[in-house]
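Colleague: Structure below; questions to follow.
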Amino acid sequence: MVSVKSILLAAMATVAYAAPCQPAFVPTLPKTGGARELPSPPPSFTLKKIAVGHGIQNYTCVDTTSAPKADGAVAILYDVTKYAPGTPKTGIAKALWDRIPSALLLKPLTLNKLAGTKYGAHATAPFPKEEDLKLLGFPIAEYLGHHYFDISSTPMFDLNRVGLKASVTKLDNVDAPANADKGPLKTGAVAWLQLGDSGKGLSSGITQVYRVITAGGVGQKCDVAGVGVHSVPYTTFYWFF
């Protein structure tokens, strides 16, 4: 009869000689391919989420001869973490992944439009109801949260679906690649950004945010947009660490 002791010893031996666990797969932050890239996050940082954001960049023109002044942004965020290329079982091809921002940019914005503007968001209720997204034929990308600028003009990311939040300031930027999607207004793709905690004590679970693979979002020239506030559609990936 096999004793309990011999079973335990055999189990311990199996554990001792088992192959070491493989490290969890971590997606690689995209690069522009330019002369300079955004700094990588510290090795100790953990990737929390990757979102695709769909929204508008806002600009103000004081007159028709000045350059448009950036005036915040509003976006809806959808969780695409599990679709990152290389992710076991759920990852999609890199070529398809890289197309997501451009494909999403073609979808009509569901933000409430201000009277008299083609693109814009309602001043007090800018976000539609929290719905998931189906894009490019792959399974649902779940609603994740919102991006906006608070009353002090600080960029905010509220990932309310998973209880994460970031209040950020710009640490670095690089130009989007020359072949990036210029958006429906053909104004150009906004820069890629590295964002860090603002130090205001408003963040929860997020230390750095990267904006990469941008499409659209550059402001119209003021002689085209006219005096006042105008908005330009944009999409991008946001990586949260």
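The values are calculated or read from the model by the stated rules, or taken from the named source; none is laboratory data. Note that the coordinates shown come from a computational prediction; the quantities given were computed from them, not determined experimentally. Note: accessible area is taken over every heavy atom of the protein model, side chains too, but ligands, DNA and RNA are not part of it. Shrake-Rupley method; radii C 1.70, N 1.55, O 1.52, S 1.80 Å.
Colleague: First compute the accessible area of the chain with a 1.4 Å probe, then give the percent of it belonging to carbon and sulfur atoms.
Modeller: 59 percent
Colleague: What is the pair-distance distribution P(r) of region 44-178, computed from all Cα-Cα distances in 10 Å bins starting at 0, with each bin given as a whole percent?
Modeller: Result, from short to long distances: 10, 36, 37, 15, 3, 0 percent.
Colleague: Any idea what angle helix 4-17 forms with the longest principal axis of the chain, computed on alpha-carbon atoms, 0 to 90 degrees, nearest 10?
Modeller: 50 degrees
Colleague: Rg and Dmax of the chain, using alpha carbons, in Å: what are they?
Modeller: For the chain, the Cα radius of gyration and maximum Cα-Cα distance read 21.8, 94 Å.
Colleague: Give the span of region 189-240's Cα atoms along each principal axis, as three whole-Å numbers ordered largest to smallest.
Modeller: Rounded to whole Å, the extents work out to 42, 25, 13 Å.
Colleague: Then there is this: In the P(r) worked out for region 138-227, what percent of Cα pairs fall beyond 17 Å?
Modeller: Result: 61 percent of Cα pairs exceed 17 Å.
Colleague: Considering only 45, 25, 157, give the residue with the highest GNM mean-square fluctuation for the chain, with springs between Cα atoms whenever their separation is below 10 Å.
Modeller: Looking only at 45, 25, 157, the biggest GNM fluctuation is shown by 25.
Colleague: Oh, and also: Averaged per residue, what accessible area in Å² does the chain show with a 1.4 Å probe, protein chains only?
Modeller: Normalised by residue count, the accessible surface of the chain is 54 Å².
Colleague: Among the listed pairs 82/165; 31/170; 113/182; 82/200, which are separated by more than 24 Å between their Cα atoms?
Modeller: 82/200
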